[in-house]
Amino acid sequence: MRFLLGFILGVALTVVAAFVMDQREQQVEKRVVNWDVVNEKVGAATKDAQQVWSDFTSEMTGP
């Protein structure tokens with residue numbers, strides 16, 4: 001349990017640090033992360049997860 005909590009905390013800290021660094025940069029070329037691309041990927045992953053969950057629940061409850 002400690003490992004999982006530490007892992008999640010580490011990932012969150014890494015993402016926050018990258019975001020803060022990118023916000024401080026004035027030049028677009030030096031950004032660490034392209035946040036528009038991240039937003040598109042997370043949106044697509046969320047839609048896919050919702051579809052999988054919807055299919056799963058419809059199989060359990062019936063049509």
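The values are calculated or read from the model by the stated rules, or taken from the named source; none is laboratory data. Remember, predicted model here, so these are calculated numbers, not experimental data. Protein only, heavy atoms only, side chains kept; ligands, DNA and RNA dropped before computing areas. Shrake-Rupley method; radii C 1.70, N 1.55, O 1.52, S 1.80 Å.
Need the full-extension length gain, Glu40 to Ser58, defined as separation in residues times 0.36 nm minus the C-alpha distance. One decimal, nm.
Stretched out fully, the Glu40 to Ser58 stretch lengthens by 3.8 nm.
Please express the Cα-Cα pair-distance distribution P(r) of the chain as a list of whole percents, one per 5 Å bin, running from 0 to the bin with the greatest distance.
Percent of pairs per bin, in order: 3, 15, 13, 14, 16, 14, 11, 7, 4, 2, 1.
For the chain, take the longest principal axis of its alpha carbons; what is the angle in degrees between that and the long axis of helix 2-24, to the nearest 10 within 0 to 90?
50 degrees
Could you state the angle between the C-alpha long axis of helix 35-61 and the longest principal axis of the C-alpha atoms of the chain, as a value from 0 to 90 degrees rounded to the nearest 10?
10 degrees
If I ignore ligands, DNA and RNA and count only protein heavy atoms, how much of Asp55 is accessible to a 1.4 Å probe, in Å² to the nearest 10?
70 Å²
In deg cm²/dmol and to the nearest 500, what is the mean residue ellipticity at 222 nm of the chain if only DSSP H runs of at least 4 residues count, each as -39500 (n - 2.57), divided by the residue total?
Only helices count here, giving -28000 deg cm²/dmol.
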